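A quick write-up on the structure given underneath.
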Amino acid sequence: MKRKELTILCLVLVVAWLSGCATTETTQKPYRLSQQGTVIWEDEFEFMPPPPDWKLLRVEASENDINFGFMRQDPGGYPSITTFAYDEEPFGCGTKFEQREKEFFKRFLFNAIIQFQILERKKVQVVGGEGLAVTVEGKDPIKKEKVRAKVVFGKRGDRVVGFYITQWRTMDGIYDLSAFEIFDKFVTSFKFLKKSFYETL
Amino acid sequence: MEGHQRNLSLYERFNARVLGVSRDDTITLKYFAKSLDLTFPLLSNVTAFLGVSFYIQPEGQPIFGRRTVVIDKKGIIRYVRDGSPDYKDILLFLKKLNQEGGRP
């Protein structure tokens with residue numbers, strides 16, 4: 001009799017455990033598609049997604065982590081990869097673009113230990129206001145790798161937000177600038193659908 | 001730390017001040033603050049008595065555990081969270097505390 005009770009208890013535990021797993025499987029996606037072909041992300045952002053060969057990249061938001069982005073493995077093997085993202089809290093603290101740019105590039109790709117050369121810096125219109133776009137290239141002579149990146153700073157309320165794309169190549173590799181055009185479309189199409197947490201505080 | 005720096009004006013609005021405490025010496029903290037452009041005070045507690053008082057000094061280790069503590073104007077600890085700071089949670093708590101009149 002005791003043995004039967006034990007078996008029933010074990011079954012209940014197994015069923016409970018399995019139903020716990022099922023719950024995580026049915027987690028809802030954080031986005032939906034609009035009739036215009038744009039993505040509505042958590043009812044907070046709207047943007048034009050990249051073509052289907054780009055994979056969604058999402059890192060759990062915490063200090064200095066990106067909110068979400070996209071990545072594409074490029075031909076040529078490692079390190080040929082392109083990644084772009086929206087970042088609600090880009091490196092740095094300044095609320096003026098020029099100040100934030102300096103703070104940002106102190107820490108951007110800091111694990112790679114590369115020096116950036118600015119290729120272009122210009123004012124742009126982004127998320128309904130003025131912004132700053134900075135295109136850079138960095139080289140790592142030890143690993144024989146290089147990276148081309150573009151960072152666009154914009155404003156959400158009083159705070160600076162950022163968009164960035166990085167494209168890694170071997171030192172003699174050729175950049176694919178069409179990826180930067182896809183990034184530009186993503187940035188240009190990006191809209192805030194509601195006020196940020198900080199604006200409503 | 002950068003998150004706190006970004007939120008300084010909001011802390012000000014809620015009558016709160018932020019302090020960082022670590023076991024590093026003052027010279028190290030000076031360079032750390034400069035590297036991150038921090039303008040709020042960082043306190044050096046090399047002897048670790050603050051860490052012991054707040055139960056964040058792991059035995060035999062030279063650093064504090066990471067903990068966020070909010071102390072009200074009466075000196076009462078009102079909020080404790082371990083790990084990376086949850087900045088939005090901290091701001092919501094400070095807003096509530098300020099509305100209650102229990103200024104941090």
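The values are calculated or read from the model by the stated rules, or taken from the named source; none is laboratory data. The model shown is predicted, which means the values in this text are computed figures rather than measured ones. Note: ideal-geometry Cβ built from the backbone for every residue, glycine included; neighbour counts use all protein chains shown.
Evaluated against (1) surrounded by 13 or more Cβ atoms within 10 Å (Cβ to Cβ); (2) within 14 Å of another protein chain (Cβ to nearest Cβ); (3) within 27 Å of residue B:101 (Cα to Cα), residue B:82 falls short on exactly one condition, (1). Condition first: within 14 Å of chain A (Cβ to nearest Cβ), more than 28 Å from residue B:101 (Cα to Cα), assigned to a helix (DSSP H, G or I) and not hydrophobic (A, V, I, L, M, F, W, C). Now tell me which residues in the stretch B:1-52 satisfy that. Within the stretch B:1-52, B:31, B:34, B:35 qualify.
In the stretch A:40-59, the residues that are over 15 Å from residue A:185 (Cβ atoms) reach residues that are among the acidic types (Asp, Glu) with C-beta atoms within less than 6 angstrom, at least six apart or across chains, in these pairs: A:40/A:46; A:59/A:65. The set of residues from the stretch B:53-70 being surrounded by 13 or more Cβ atoms within 10 Å (Cβ to Cβ) and either among the hydrophobic types (A, V, I, L, M, F, W, C) or modelled with pLDDT under 90 (or both) comprises B:54, B:56, B:57, B:63, B:64, B:65, B:69, B:70. Quick check on residue A:83: is it more than 23 Å from residue A:194 (Cβ to Cβ) and among the β-branched types (Val, Ile, Thr)? Here the answer is yes, as residue A:83 does meet what is asked. Looking only at the stretch B:53-74, residues that are within 13 Å of the chain's Cα centre (by Cα), within 30 Å of residue A:105 (Cα to Cα) and assigned to a loop (DSSP other than H, G, I, E, B) come to 3 in all. Whenever a residue of the stretch A:114-136 is closer than 23 Å to residue A:45 by Cβ, its partners that are in a strand (DSSP E or B) and among the aromatic types (Phe, Trp, Tyr), lying with C-beta atoms within less than 6 angstrom and at least six residues away or across chains, give the pairs A:131/A:153; A:132/A:153. Which residue is nearest to residue A:54 (Cα to Cα), if the candidates are limited to the stretch A:70-83 and must be touching a residue at least 60 places away in the same chain (Cβ under 8 Å) and in a loop (DSSP other than H, G, I, E, B)? Of everything passing the filter in the stretch A:70-83, A:74 is nearest to residue A:54 (Cα to Cα). Here A:70, A:104, A:91 are screened, and the one residue that is touching a Phe, Trp or Tyr at 6+ places or on another chain (Cβ under 8 Å) and away from every other protein chain (no Cβ under 14 Å) is A:70. When we screen A:59, A:15, A:39 for residues that are surrounded by 10 or more Cβ atoms within 10 Å (Cβ to Cβ), over 30 Å from residue B:2 (Cα atoms) and modelled with pLDDT of 55 or more, the only hit is A:39.
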